[in-house]
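Worksheet for the structure shown next.
Just so you know, all these numbers are worked out from the coordinates, no wet-lab data involved. Every value quoted in this text rests on a predicted model; they were computed, and no experiment measured them. For neighbour counting, all protein chains shown are included, and Cβ atoms are generated from backbone atoms with ideal geometry for every residue, glycine included.
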Amino acid sequence: MPKDFSRTRRIGLQIQRDLADLIRGQIKDPRVGLVSVNAVKVSRDLSHAKVYITTLDDEHRELTLDILKKAAGFLRHELGQLMSIRNVPQLHFFYDESIEQGSRLTSLIEDAISSDKKKHSDE
């Protein structure tokens, strides 16, 4: 029976905090703008971690993602220095589109509400 707050979740949260600091402080590439680490999902065997990020600059999203993928080995090494676990998971970076989807849904809901109000005011 799984615990409410499993070891993989705790490790994922620690990786999320440490990666955010490492990306901000250690990645010196000027093409990498503001990056937010939204979530880290660690596999049950702790061998892989999916890192979900968003960027402030949508134009350079793919470039930022490529730079972080190339720096994954360096970031993994730095995480190993910071964390007290035997094996640091391999890092796999993905762009998190949930914020964009949320804003798109919000605008659709607002449009539906305004058109409904307009329809009822005309009657």
Simple Cβ-charge dipole of the chain, Lys/Arg +1 and Asp/Glu -1, about Cα centre, in debye nearest 20:
880
Residue-span extension gain [D66 to R44] - 0.36 nm each, minus C-alpha spacing
5.3 nm
Express in nm, to one decimal, how much length is gained between R17 and D96 on full extension, taking 0.36 nm for each residue of separation and deducting their alpha carbon distance.
26.8 nm
Which residue, Q90, L19, L65, has the largest displacement toward the positive end of the dipole of the stretch 7-98 when charges sit on each Cβ (Lys, Arg +1; Asp, Glu -1)?
Q90
Find out how many positive minus negative residues lie around E100, taking Lys and Arg as positive, Asp and Glu as negative, among other residues whose Cβ is under 15 Å from that of E100.
-4
R9/I113 FRET efficiency (R0 35 Å; Cβ-Cβ; nearest 0.05)
0.45
0 to 90° range, to nearest 10: angle between helix 98-122 axis and the chain longest Cα axis
10
DSSP loop (so not H, G, I, E, B), at most 15 other Cβ within 10 Å: list which trypsin sites (Lys or Arg not before Pro) in the stretch 6-79 pass both filters.
K28, R31, R44
First measure r as the distance between the Cβ atoms of R104 and D29, then evaluate 1/(1 + (r/R0)^6) with R0 = 25 Å and state the FRET efficiency to the nearest 0.05.
0.25
With Cα atoms, 0 to 90° folded angle of helix 7-26 axis to the chain main axis
90
Between the helical axis of 72-82 and the dominant principal axis of the chain, each derived from Cα atoms, what acute angle in degrees is found, rounded to the nearest 10?
70
